[in-house]
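Step one of this worksheet: look at the structure below.
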Amino acid sequence: MYILPRGRQHPQLVSTAASPTPTSPHAALTRARTTMHLRPTVFTWLLAVLPVATVLGAQIPVVENVIGGTAVEAIIHEAKLNIASVQPAATTPGKLRVTENSGVCETTEGVYQASGYGDLTAHESIFFWFFEARNNPDSAPLSVWLNGGPGSSSMIGLFQENGPCRINNDSSDVSLSPNSWNEVSNMWALIDIRLYIDQPVGVGFSHGTMSVGTSQQAASDFWTFLQIFFADERFSKYQQNDFAIWTESYGGHYGPTFAAYLLEQNAGIANGTVTGTPINLKFLGVGDGLTDPLSQYPGYISYAASNPYHALVSSSTISSANTSWSKSGGCKDLITSCYNTSNTTTCSKAQSFCNANILSPLAGDWDVYYVLTENPDPYPPDLNSYLSDSNLMGKIGAENDWEETNIVVYSNFAETGDWMHNSRPNLETVINAGVRTLVYDGDADYILNYNGVEAMVDALQTEFSDEYAQQEFANYTVKGVATGLFKNAGTFSYVRIFGAGHEVPAYTWGSLSTGEAALQFFSQIMSNSSLSST
């Protein structure tokens, strides 16, 4: 049975009995092509008819009851190969196909928006949605938002977190958001650009063949898309504007890797070894991110035992996880080996073992994205019914049914072991290059909890690290409301937000409105300032 996602960035895969079926993958593909008119939702249909896992919504996949597991059914890979050539529309390689001013989401009078596709090749199409700044759009910085997964749609951030509108609780419509991040920046949401190297399929509204399996590969396609975007006459005027990457969750890999790659390409353009338009990268924001697993995994143990709200599991479960971390050949040794070798098998094994023996059991019965509720938490509201509406899709130029998270793309990353790679060196490179950087976290998030994130930050080796280590946490206030704790050191900042789950801008605290605290730290960073209380 296929179950629609529930509004997170990672699918949940629950093992099901393999009931007999007369439908082979090839026969299913043939039938799907006939009934689905060559649309890339063939894969969704295949999941419905083949004896594979059930897909539920979330930001970090649950595979056979393991959060972030790796044992994805082999038939998914066969299905991926079978439908690789499915393409729903004529493409324009190296160009954008744009629908302007659809009237969807951003209803502020006079604010320009555009959505559509950047065609990397005849079989690689990346969906994007651009929103002009509500104030001073010509001079405002240009910000990209990327959600995590790996394999999740950035519509999550657009409609649940920081976009011009926010999904209503009944999931049927949206309301204009006063705390949208395009109050201060030209915002655009890319649908899982991290997925596209050859022909990505099924992530968000994007389509093509699914082949991306590492953050570095995704960075290359990200660069290519930006070249196409800035070459378009509608958007070339933004080439000189300050540029920012904001991301969360698996974005702890994507953000540093993408930013470091942009800097590398810029250097190549400067010395004549690369042809292209330099990207004026000035800012990087990473929320609740997976960056340095070796530093971060002990955080699951400490957070599960003691956090601002309640213990998540029993002391015996904590003890078992401690053993799994420290024993010979355990999680610590496996991640260390992955760091030292970058071997695909070793890194994938580290992900499988650590998530089965530490991350998953320590979650207990609490929602991993917001520990104040039992699993599963229905908030933020589901996006499926809204984004699956054919009328809306027509207005924004979407060419295929929306999928919150693509399990095939996730499986590509699981196979390479990219999860357990260390992106901290890239983050250090970006910070030392003068890019103003913010790392932020919600203190009610378990899945990428502040204990682990703060350990990663403490492990950073940058020109500001000594200064950072000497600082004490200060209260971060918003309109006089104590909203979190923060530190600044040079052009680097960190903030922990009270009462926020994994999607920090989706929450409120005290007398503040939803997303108000997040808008303050976003605005401060984007004005090239350190964090400060108000």
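Results, tabulated for the structure shown:
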item: Nearest-0.05 FRET efficiency for residue 65 and residue 136, computed from C-beta distance (R0 51 Å); result: 0.50
item: Mean-position separation - Cα centroids, segment 248-281 and segment 314-350, in angstrom; result: 32
item: Listed pairs 95/395; 282/332; 327/487; 282/349; 282/395; 395/479 exceeding 27 Å between Cα atoms; result: 282/332; 327/487; 282/349; 282/395; 395/479
item: Extension gain, residue 319 back to residue 277 (0.36 nm per residue minus Cα-Cα distance, nm); result: 9.8 nm
item: Spin-label model distance (nm) - residue 375 vs residue 343, 7 Å beyond Cα toward Cβ; result: 3.1
item: Spacing of the two label points (7 Å from each Cα toward its C-beta) at residue 92 and residue 168, in nm; result: 3.6
item: Charge dipole magnitude, Cβ of K and R +1, D and E -1 - segment 445-534, Cα centre, debye nearest 20; result: 320
item: Inter-site label distance for residue 236 and residue 472 at 7 Å from Cα along Cβ, in nm; result: 5.6
item: Neighbour-count ranking [beta-carbon atoms within 10 angstrom, fewest first] of 387, 263; result: 263, 387
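Rule-based calculations on the coordinates, nothing more; no lab input. All figures in this text were calculated on a predicted structure; none of them were measured in a lab. Because the Cβ atoms are built from the backbone with ideal geometry, glycine has one as well, and the counts that use them run over all protein chains shown.
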